[in-house]
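Beneath this line is the structure, given in structure tokens, with notes to follow.
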Amino acid sequence: MKSSRRNFLKNISVLTSIPTLGLSNDISEVTSISGNNSTLSLPQLGKIQINSPKDINKSPFGIGCETLDRDLWDTKEIYPWMNNLSVKWARLQTGWARVEREKGIYDWHWLDESVDGLIERGFTPFFNVGYGNPNYNESKGGVGYHPLVNDETFTAWKKFVKELAIRYRNKIQFYEIWNEPNLRGFWSPGETDPEKYVNLVRHTAPIIRENCPGAVIIGGVLSRLPFTFIRSLFENGLGKEIDIFSFHPYGTVPENYNDRIKALRKFIDQYDPSIKLWQGENGFPSQPNSTGFAGEPPWTENIQAKIMLRRLITDCSLGLDMSLWFLIVDLHDYPKGSGKVNYKGILRVKPHVEPKVCFYALQNLGSAIYGDVSVRNAIVHCTESNDMTIEEKYKVFGAGNGETIEKSYTTMLNTGGGKILAYWKTVKATDNYKVENTDLILWDWEGNGFDEPVLVDLLSGNIYDLKNNCTKYYDEDKWRISHEAQFFQKLPLTDYPYLIMEKELIVG
């Protein structure tokens, strides 16, 4: 971990070319950001320096490296691109069907390469232990077939899990049991069954714990947030078996899940408040005709990147301990034999491997937000830029009579690199959203706000100086011994997050 954030920003980015949305990558004294009715001019200080996974001890963010169990992409081709992907977590499926192609014979070579390649690059891989084996059921690929069909299959499953835990106990600590058991496509044969899934976890988790001391068990792993299914899981005892509950909140507007995630937290607290929450899989395609996604168009690389930034920062604002983006690379011929393509990758693989806008945005995000991340006790209002004076706004909003901009979202976080304020609009993301002007009002209940704030654009990687756009308000009340609010004036407001950070922590 870097001892100081002073090396975070340099005048030249590590990358020579970063795609943007109408913002210049060239570093100049002043960069203009066009709004609806005006042009905002902010001095540009430089660009984000990209951290590698080895530079970061901890991160709340992860990347999906799934489907290696079905041999859908090559680690030798893709892993080198991850050398400077600024996250820590990486999800791998263990592939019983690929490991045990012949009954009783285990070939771990491909999984060893997958695990070791991530660890060597500084990632913390975790296992999704799931899917069946055609040696023990009638399926061709075994993907969605659970092992509870008969005694022979279940015995073979438990033996595989034991060998898996023994082999990787010095490399893998986190084990996620099954994938989306509330979907028929991943839970066959028969109907989805929360009681049966809990039974699978109840028999699988102890094997992992016994053979991998200190193992952390992740359960649920549900598609979306079906509360009836979730309630049944916990009524059948899931809370006694797991340390983390994970879910996959796919959708077109990330913030639409917020109320359900808050309700989930309160619900689980009734059983065991120590159970953590992971957002274990979420993605959005970069172009039309993608398989594996039922959301709404349009689909472009820019929209994909915006939704990714919103999803991951929203998860931080909700106190989730880990938030993962699916996935590292587009999947061709997915499902196998279909000829279809899953375009949710942050790398395209054809005609050759190259990064999408989302790849660069994730680099920027992970280089800005890392370490232990928690929600900071602060109140932030996103207001219209108008003719009201600071004193007038202070009085109106301080009295609780002001109205924030419709569909604006704000959060303030404590991170390994210091405090961060993020803000954006929760409208449906578009390719050419017209930038609005906004004034932010901050009441920081854990400190005195920012001393020398800068503005970070996570799509372009640009850093802007806010010294002329920031004011701390002091009133004349004798009972107030310091400023009561901090104002940021005439800032850009758009459909993806901007960050406000402390200059001394990021500018050398």
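Values in this text are rule-based calculations from the coordinates and carry no lab data. Predicted model, so just to flag it, every value in this text is computed and none were measured. For neighbour counting, all protein chains shown are included, and Cβ atoms are generated from backbone atoms with ideal geometry for every residue, glycine included.
For the stretch 414-508, GluC sites (Glu not before Pro) are listed when DSSP marks them as loop and at most 10 other Cβ atoms sit within 10 Å of their Cβ; the list is Glu476.
For the chain, the dipole from Cβ point charges (+1 on Lys and Arg, -1 on Asp and Glu) about the Cα centre works out to 720 debye, to the nearest 20.
Based on Cα atoms of the chain, Rg over Rh with Rh as the Kirkwood radius reads 0.99. Checking the Cα-Cα distances for Lys58/Lys419; Lys58/Lys503; Lys103/Lys140; Lys54/Lys162; Lys171/Lys266 against a 24 Å cut-off, the pairs over it are Lys54/Lys162; Lys171/Lys266. Projected onto the charge dipole of the stretch 362-497 (+1 at Lys/Arg Cβ, -1 at Asp/Glu Cβ, origin at the Cα centre), which of Val456, Leu365, Asn437 gives the Cα projection farthest towards the positive end? Going by the Cα projections, it comes out as Leu365. Expressed as a whole percent, the proportion of Cα-Cα pairs in the stretch 306-443 lying more than 22 Å apart is 53%. The 3J(HN,Hα) values that the Karplus relation (6.51, -1.76, 1.60; θ = phi - 60°) gives for the stretch 145-162 are, in residue order, 8, 6, x, 8, 6, 7, 5, 4, 5, 5, 5, 5, 4, 5, 5, 4, 4, 4 Hz. Gly and Pro appear as x. Peptide packing for 206-219, 263-276, 47-60 was compared via the average number of neighbouring C-beta atoms within 10 Å per residue; ordered from the highest value, the list is 47-60, 206-219, 263-276. When you count the other C-beta atoms within 10 angstrom of each residue and take the mean per peptide, 358-365, 405-412 line up highest first as 358-365, 405-412. For the stretch 78-173, GluC sites (Glu not before Pro) are listed when DSSP marks them as loop and at most 12 other Cβ atoms sit within 10 Å of their Cβ; the list is Glu138.
Cross-link list Lys276/Lys425; Lys159/Lys344; Lys158/Lys196; Lys76/Lys306; Lys425/Lys490: which exceed 25 angstrom alpha carbon to alpha carbon? Pairs exceeding 25 Å: Lys276/Lys425; Lys159/Lys344; Lys76/Lys306.
The residue list Val198, Pro297, Leu413 was ranked by how far each Cα lies along the charge dipole of the chain toward its positive end, using unit charges on Cβ atoms, and Val198 comes out on top.
Considering only Tyr79, Gly122, Ser139, and ranking their Cα positions along the charge dipole of the stretch 63-192 that arises from unit charges at the beta-carbon of Lys, Arg, Asp and Glu, the one farthest toward the positive end is Gly122.
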